[in-house]
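Reading through the structure tokens given below for one structure.
The values are calculated or read from the model by the stated rules, or taken from the named source; none is laboratory data. Every value quoted in this text rests on a predicted model; they were computed, and no experiment measured them. Because the Cβ atoms are built from the backbone with ideal geometry, glycine has one as well, and the counts that use them run over all protein chains shown.
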Amino acid sequence: MKKIILNILAGFALWSGMHGCAENDAMVLQDSNGTGGSMARFTIANDYLYVVDHTSLKYFDISNALSPDFRGDIRIDQGIETVFPYQGNLFIGGRNGMYIFNISNPDKPIQLSSYSHLTSCDPVVVQEDFAYVTLRVGSECRWGANGSSALDVLDISNLEQPNLLTSFPLDEPYGLGVSDSLLFVCQGNQGLNLFSLKDPANPIFRRQISSSFSYDVIPLKKQKILILTGNDGIEQYNYKDPDSIYMLSRIPVISLEDIQNE
Amino acid sequence: MSRILPAVLFLMLLILTGCPVDPAPEFVEGEVEGYKPIYATDTNFEIEFEPARELNNPGKIYSYGQLLLINEKFEGVHIFNNANPERPLPMGFIKIKGNADMAIKNEILYVDHLQDLVAIDISNPSKLKILKRIENILPQNNQFPDQTNVYFECVDPAKGTVIGWEQTIIVDPKCYR
């Protein structure tokens, strides 16, 4: 047992050593906000930080970096899980549906609409006039709900009236990410799946990119780099050429359970 | 007494949550999918910069310029220099008990720290500066899991502070929400 732990520690030390200790490297940081995955509960739009908890949307004025200021909260519904900002609106995912809030007045988010689905979990991403929502039926979702997991495509050209266009049955979808004509969907045990959005209203399944249990993705649209988190670690892929997406690196996960079980 | 206790606990939970919950299915005996509390292993809840460590239970991810941040569920945030995505370099770990979420703007990292929202200056990650802490603004997650309509292992305060919940197989659950 001790030996195994030592081996793992040595392995990690070697791995860190190989990669160098970059603690004091000068970093080039960007002077704006970053990008989270579709499962995020925190998001920043302009000078505001938006946080969704289980029932509400909370917002903070962060224009004064030294003193972020809690400005208010709005009750939405039970089972709120994710928030995705897109062009002056927040798309909020929850157990009972998707909610759209306009934040053109950041201090006063206004709910424009909600789209209800009865059997779901999980997040939403948006590109142009389309929202992509994954619905996962599972034990932590609505108890005893009937229905199946799916990828729903909504027409949101009228933000006040989202309209379901297609529903694509899936087995176990988690997070997702959209980048122009590509849609990446994490499918739990079925890994990361690639869909083509040549017709944005009708995603077409192309293939599996990674087979490890995948949970969420961030597509960095400018660099065409995909960051994937899953049970095997944090993997990064180059997707400049959708026909040959390849892995750049993997930061491994050392499972505590594995250590204990051996 | 032992028969009444679960019912009383459930009733208390109903009152505590204050919202309608689907009626609990019968409490099953044996193994069932549910949630169990994760107790803090130490009592130091300070936010601290620590040397890089391996990923054990990664959660959410966040990309900011050349930085890649990876949440270690309920423990804190790994920081990587991701200037070259072929070779992300570990820079260190920010210990934040109970943490699950993060966002960054202008080199300020915003995180959940148990019930608090905290703003941290990470312009020099190894010399963190806590800029502001807004206390008790985030919901308590130390009495029951976020999810509803689930079984969970009842919290035992004697075991310490609950910093998170783990989905797993539990045995003879006595709590449900």
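Residues in the range A:190-225 that are farther than 14 Å from A:Pro173 by Cα, in a strand (DSSP E or B) and in contact with a Ser or Thr (Cβ under 7 Å, 6 or more places away or on another chain): A:Ser196, A:Ile204, A:Arg206, A:Ile218, A:Pro219, A:Leu220. Residues that are among the charged types (D, E, K, R), under 19 Å from the mean Cα position of the chain (by Cα), modelled with pLDDT under 85 and surrounded by 15 or more Cβ atoms within 10 Å (Cβ to Cβ) do occur in the range A:137-149, at least one of them. Residues that are farther than 15 Å from B:Phe74 by Cα and either of a type in the set (Lys, Arg) or crowded, with 22+ Cβ neighbours inside 10 Å (or both) were ranked within the range B:111-122; the one that is farthest from the other protein chains (Cβ to nearest Cβ) is B:Ile120. You will find that of A:Gly177, A:Gly188, the residue that is within 14 Å of another protein chain (Cβ to nearest Cβ) and modelled with pLDDT under 95 is A:Gly188 and no other.
To keep it simple, each residue is scored yes or no on (1) over 30 Å from A:Tyr246 (Cβ atoms); (2) in a loop (DSSP other than H, G, I, E, B); (3) under 15 Å from the mean Cα position of the chain (by Cα).
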| position | (1), (2), (3) |
| --- | --- |
| B:Gly59 | no, no, yes |
| B:Ser63 | no, no, no |
| B:Pro90 | no, no, no |
| B:Val111 | yes, no, yes |
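Each residue in the range A:224-256 was checked for being modelled with pLDDT under 95, over 14 Å from B:Asn71 (Cα atoms) and either within 9 Å of another protein chain (Cβ to nearest Cβ) or touching a helix residue (DSSP H, G or I) at 6+ places or on another chain (Cβ under 9 Å) (or both), and 3 pass. A:Pro109 fulfils the conditions (1) within 12 Å of chain B (Cβ to nearest Cβ); (2) surrounded by 20 or more Cβ atoms within 10 Å (Cβ to Cβ); (3) modelled with pLDDT of 95 or more except for a single criterion, (1).
Of all residues in the range A:150-188, those that are in contact (Cβ under 8 Å) with a residue 12 or more places away in the chain, farther than 19 Å from A:Arg206 by Cβ and part of a loop (DSSP other than H, G, I, E, B) total 6. Taken together, the residues in the range B:74-84 that are crowded, with 20+ Cβ neighbours inside 10 Å and either at the interface with another protein chain (Cβ under 9 Å from one of its Cβ atoms) or more than 17 Å from A:Leu228 (Cα to Cα) (or both) amount to 7. Examine the range A:75-86 for a residue that is surrounded by fewer than 16 Cβ atoms within 10 Å (Cβ to Cβ), touching a Leu at 6+ places or on another chain (Cβ under 9 Å), modelled with pLDDT of 95 or more and part of a strand (DSSP E or B), and state whether such a residue exists. Yes, because at least one residue in the range A:75-86 is surrounded by fewer than 16 Cβ atoms within 10 Å (Cβ to Cβ), touching a Leu at 6+ places or on another chain (Cβ under 9 Å), modelled with pLDDT of 95 or more and part of a strand (DSSP E or B). Residue pairs whose Cβ atoms lie under 8 Å apart, separated by 6 or more positions or on different chains, with the first residue in the range B:86-105 and more than 7 Å from chain A (Cβ to nearest Cβ) and the second among the aromatic types (Phe, Trp, Tyr) and surrounded by fewer than 24 Cβ atoms within 10 Å (Cβ to Cβ), are B:Phe93/B:Phe49; B:Ile94/B:Phe49; B:Lys95/B:Phe49; B:Lys97/B:Phe45; B:Lys97/B:Phe74; B:Gly98/B:Phe74; B:Asn99/B:Phe74; B:Ala100/B:Phe74.
Here A:Ser63 fits the description: among the small types (Gly, Ala, Ser), surrounded by fewer than 21 Cβ atoms within 10 Å (Cβ to Cβ) and more than 25 Å from A:Leu197 (Cα to Cα). Looking across the range A:201-219, the residues that are in contact (Cβ under 8 Å) with a residue 40 or more places away in the chain and crowded, with 19+ Cβ neighbours inside 10 Å come down to A:Pro203, A:Ser214, A:Tyr215, A:Asp216, A:Val217, A:Ile218, A:Pro219.
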